[in-house]
1. Hey, can you tell me all the residues within segment 239-269 that are more than 22 Å from the chain's Cα centre (by Cα) and either closer than 17 Å to LEU300 by Cα or among the polar types (S, T, N, Q) (or both)?
2. For ALA283, state whether it is crowded, with 18+ Cβ neighbours inside 10 Å and over 21 Å from the mean Cα position of the chain (by Cα).
3. Just checking, which of PRO88, PRO147 is of a type outside the set (D, E, K, R), within 30 Å of PHE259 (Cβ to Cβ) and surrounded by 16 or more Cβ atoms within 10 Å (Cβ to Cβ)?
4. Just wondering, is there one or more residues in segment 68-78 that are without any contact (Cβ under 8 Å) to a residue 60 or more places away in the chain, open to solvent by less than 10 Å² (accessible area, probe 1.4 Å) and under 20 Å from the mean Cα position of the chain (by Cα)?
5. Within segment 59-76, is even one residue in contact with a Leu (Cβ under 7 Å, 6 or more places away or on another chain), modelled with pLDDT of 90 or more and closer than 25 Å to ASP221 by Cβ?
6. Being farther than 12 Å from SER30 by Cβ, touching a residue at least 40 places away in the same chain (Cβ under 8 Å) and surrounded by fewer than 24 Cβ atoms within 10 Å (Cβ to Cβ) is the filter here, so list the residues in segment 222-244 that pass it.
7. Looking only at segment 1-18, which residues are surrounded by fewer than 24 Cβ atoms within 10 Å (Cβ to Cβ), part of a helix (DSSP H, G or I) and not basic (Lys, Arg)?
8. Could you run through segment 286-305 and say how many residues are free of Cβ contacts under 8 Å to residues at least 40 places away in the same chain and crowded, with 18+ Cβ neighbours inside 10 Å?
Amino acid sequence: MANKISKAALPVLFGFFVMGFCDVVGIATSYVKEDFGWSETLAGFVPSMVFIWFFILSVPVAVWMNRIGRKNMVHISNIITVVGMLLPVVNYTVVTCLLAFALLGIGNTIIQVALNPLLTNVVSGDTLTSSLTLGQVIKSICSFCGPLIAAFAATKLGNWQYIFPIFAAITVIAEVWLRLTDIPREAPSESTVSLGSTLALLKDRNVLLLFLGIFFVVGIDCGTNIIAPKLLMERCGMTVAAAGIGSTIYFICKTAGNFIGTFLLLKCKDSTYFKINIFLTVAVLAALVFARSEVSVLVLIAGIGLFCSCIFSLIFSAAISSNKGAENGISGLMIMGVCGAAVIPPLMGILADAVGNQNGSIIVLGICAAYLVFCAFYTGKIKKS
């Protein structure tokens, strides 16, 4: 595939690494909680600072992108991300820390809306699917490298906060590379997407149920990323730096699950694959309540990453196929569903404080999985239009 991808595609693909920065919020939540002595409830709002922007900005960004172009939107995203990552370097306080995560979320929302379509500007149709898959792999590499970079900064550089200037430097490289690359501007879109027209799609029962499916599966994704190091610290006595291996294992298995699913879905119905994987996820979450050893916790966290890896794509595909002619609006609405990562972690923190341990968080994840069981049976009944 490498010989088919143009040089202009390389900086765009590198942008997927920057897209993966938002997943560092998992291990960062544990560090911030320790730095400021927060409760689980307060710490649970850290991911909200990142992911709430997917709900607020995804559709407005899509509208704005139609006016100024995809590449310019990525430039704006990179600048916002760099500013956010430099704030804690200047002054590390509660305010600057939360503002940094908010700017990271804003930048990440913009790049997720703009980067995928930008790839179509430089990649031919016959290699687009494989190129998009490669981009997701690059994003996943960043996701499981994030905890390792944080641990390196904490143990070798003396403070985990050095991850901020490291991420800023990587973003600057991505921005300079993209600016120096000539990418043709896409033709202006004839169709328009507005907030009102997008929200009106929720009147369609199929779209509403699948939107909630995205909401809950992203909640499981972000929630597992956050709870993995916390379980290792609570049940195995690991330090924050060492416990980051939980998030790393999760994202490695999530990446592996995407690869495996790519091949298995060629031979298996989407709805069948969805049912098998969500039932396995429920079983793993039930077992996680009783896991106490380091090995058992890591194996079960790996299982969630493996079994939940393709569910987002399965729901997204079902949504896009359910209403021909409204693909743009549905796509924007599904991306808005990523705000589940802003809602579920605070609920996990509240219940963890109420119960007194991380089993409270697992209960919240179990409720999310229960809805996805229903969703798995429902998607098989949706007729493609």
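The values are calculated or read from the model by the stated rules, or taken from the named source; none is laboratory data. Please read all numbers here as calculations on a predicted model, not as lab measurements. Here the Cβ is made from the backbone with ideal geometry for all residues, glycine too, and neighbour counts use every protein chain on show. Ligands, DNA and RNA are excluded from the accessible area calculation, which covers all protein heavy atoms including side chains. Shrake-Rupley method; radii C 1.70, N 1.55, O 1.52, S 1.80 Å.
1. THR239
2. Working: crowded, with 18+ Cβ neighbours inside 10 Å: no; over 21 Å from the mean Cα position of the chain (by Cα): yes.
For ALA283, the condition - crowded, with 18+ Cβ neighbours inside 10 Å and over 21 Å from the mean Cα position of the chain (by Cα) - is not met.
3. Values: PRO88 fails: within 30 Å of PHE259 (Cβ to Cβ).
Result: PRO147 is the single residue among PRO88, PRO147 that is of a type outside the set (D, E, K, R), within 30 Å of PHE259 (Cβ to Cβ) and surrounded by 16 or more Cβ atoms within 10 Å (Cβ to Cβ).
4. Of all residues in segment 68-78, those without any contact (Cβ under 8 Å) to a residue 60 or more places away in the chain come to 68, 72-73, 76-77.
Retained after the next criterion (residues that are open to solvent by less than 10 Å² (accessible area, probe 1.4 Å)): 73, 77.
Cutting the leftovers down to under 20 Å from the mean Cα position of the chain (by Cα) gives us 73, 77.
The answer is yes; a qualifying residue exists.
5. Yes, that holds for at least one residue.
6. So the first thing to find is which residues in segment 222-244 are farther than 12 Å from SER30 by Cβ, and the list is 222-224, 235-237.
In the following step, the residues that additionally are touching a residue at least 40 places away in the same chain (Cβ under 8 Å) were identified as 222-224, 235-236.
The answer is ARG235, CYS236.
7. As a first pass, look at segment 1-18 and keep what is surrounded by fewer than 24 Cβ atoms within 10 Å (Cβ to Cβ): 1-11, 13-14, 17.
Applying the additional criterion that residues be part of a helix (DSSP H, G or I) yields 2-4, 9-11, 13-14, 17.
Scanning segment 1-18 gives ALA2, ASN3, ALA9, LEU10, PRO11, LEU13, PHE14, PHE17.
8. Let us first name the residues in segment 286-305 that are free of Cβ contacts under 8 Å to residues at least 40 places away in the same chain, namely 287, 290, 295-296, 299-300.
The next check asks that each one be crowded, with 18+ Cβ neighbours inside 10 Å; those that pass are 300.
Residues meeting the conditions: 1.
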